[in-house]
Amino acid sequence: MLFTAPATGNYTITIEAASVPIGPQGYAVVATGGVGPGVGPQLRYESHRIVDAVPLANDDAVLDPGETITLPVTISNNAGQSLTGVRGELVADRPEWLRITERYAAWPDMSAGELAESLTPHFEMVVSPDAPCGESIGLSLTTYSDQTEAEPNRFGVEIGVKGSNYPGPTLDIPKNFLGTVDSVIEVTEDTELRDLDVTVDISHGNVGEMIVLLTSPEGTTVTLHNRSRAGEANLRVRYDRERLPDGPGDMGDFVGESALGQWTLSISDNRNTSVPAGRLNGWTLHVNGEPSLNCNALECGDAVPGETSGLELERLGSDVKFSWQATVAAAGYHVLESSTITLGDPLLTGRTSGETEFTDIGGAEELPVGLTTYRVRATNSCGWEGP
């Protein structure tokens, strides 16, 4: 973009991803002329953890269909002053896939420049059993404090893991050997490759004496290292992330193939020199495929309850009381609200553990202007909602 006569002030650049085959991916924004960096959020999202403890999750730190998880979030204080009363609200872009059951969290008082993780209770959410593996779900985190106004932050979570790591065995690399020594990894999952990296860790006094090849189950061969970097010791690198293969071939040659089968790393050192023999200390395939490789849906022994009926609302001063008829086999209930009559993108107003009434304290004072639609959905013991 070119601004021939830009007005003074702050400019905001919004970047929207399109057709990104795998993520997250970094990017760079370059501006020239009389410009400088903006301030950005004073309370900024930094990272998060997925805590998926049994019995309502698989305890593998992966967001899987059907799980109930907590999400501790780390933010940083960039306000240039100490902040108190730090808190935030979390909203999901796809509530039909990710129901946020605890959308408010707080952080300890934070000194200027400090990072802190949210306090217990953390954000909590239930992944729909129908959530598709491999999908990314955007999250909006609004942060504020006693000293700062509300500010938006964006980040995302993925259903399942789009990548798997497969470690390979070690072996010795003989000197002045005309053939190759081979280390084999067996990939047991049939997935179409969208991206592939390989990490190699080789101890050798002169990597310029070696040739290293990677061959797929379908017979495609890429030369990772072709006697380059003569005089350097040891080859410890991840192709493509840290270095491109020497060639012939590149890692993109494997895209579209199936990962299923035997992958072979072949190493040759046919030089008769005084450099001692080398050793392959290990190697790893980093497989990113479609469909997602690691997506272990939670199995729930209870069926999803049927539709809940008989919802009634009663205003009690500044509070709103909800009551409804019991639903057969319901372990709990979610009270949902939306600004549309079709209940599009609903938020959770409250929940119960089987009780058929709920009081939203102060709810009458917080009612938005215009239409608000409410619905109660029964849940099973895994927190999965009925219709």
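Quick notes on this structure:
- Residues that are closer than 30 Å to ARG377 by Cβ and not polar (S, T, N, Q) occur in region 276-295; there is at least one.
- Residue list for region 133-151, filter: without any contact (Cβ under 8 Å) to a residue 60 or more places away in the chain, surrounded by fewer than 19 Cβ atoms within 10 Å (Cβ to Cβ) and of a type outside the set (Asp, Glu): ILE137, GLY138, SER140, THR142, ALA150
- With respect to being surrounded by fewer than 16 Cβ atoms within 10 Å (Cβ to Cβ) and outside any loop (DSSP other than H, G, I, E, B), THR74 fits the description.
- The sole residue among LEU311, LEU214, LEU280, LEU260 that is touching a helix residue (DSSP H, G or I) at 6+ places or on another chain (Cβ under 9 Å) and of a type in the set (A, V, I, L, M, F, W, C) is LEU214.
- Among (1) over 18 Å from the mean Cα position of the chain (by Cα); (2) part of a loop (DSSP other than H, G, I, E, B), the one test that PRO132 misses: (1)
- All conditions but one from (1) more than 29 Å from GLU46 (Cα to Cα); (2) more than 21 Å from the chain's Cα centre (by Cα) apply to GLU192; the one that does not is (2).
- Condition check for ARG229: touching a helix residue (DSSP H, G or I) at 6+ places or on another chain (Cβ under 9 Å) and either without any contact (Cβ under 8 Å) to a residue 24 or more places away in the chain or part of a helix (DSSP H, G or I) (or both): yes
- Restricting attention to region 176-213, the residues being closer than 27 Å to SER274 by Cα, surrounded by 13 or more Cβ atoms within 10 Å (Cβ to Cβ) and not polar (S, T, N, Q) number 15.
- Region 236-290: number of residues that are touching a His at 6+ places or on another chain (Cβ under 9 Å), under 16 Å from ASN165 (Cβ atoms) and outside any strand (DSSP E or B): 1
- Single condition VAL157 does not satisfy, out of (1) more than 30 Å from ILE211 (Cβ to Cβ); (2) loosely packed, with under 13 Cβ neighbours inside 10 Å; (3) touching a residue at least 40 places away in the same chain (Cβ under 8 Å): (2)
Laboratory data are not the source of any read-out in this text; all were calculated from the coordinates shown. Please read these numbers as outputs of a predicted model, since none were measured by experiment. Because the Cβ atoms are built from the backbone with ideal geometry, glycine has one as well, and the counts that use them run over all protein chains shown.
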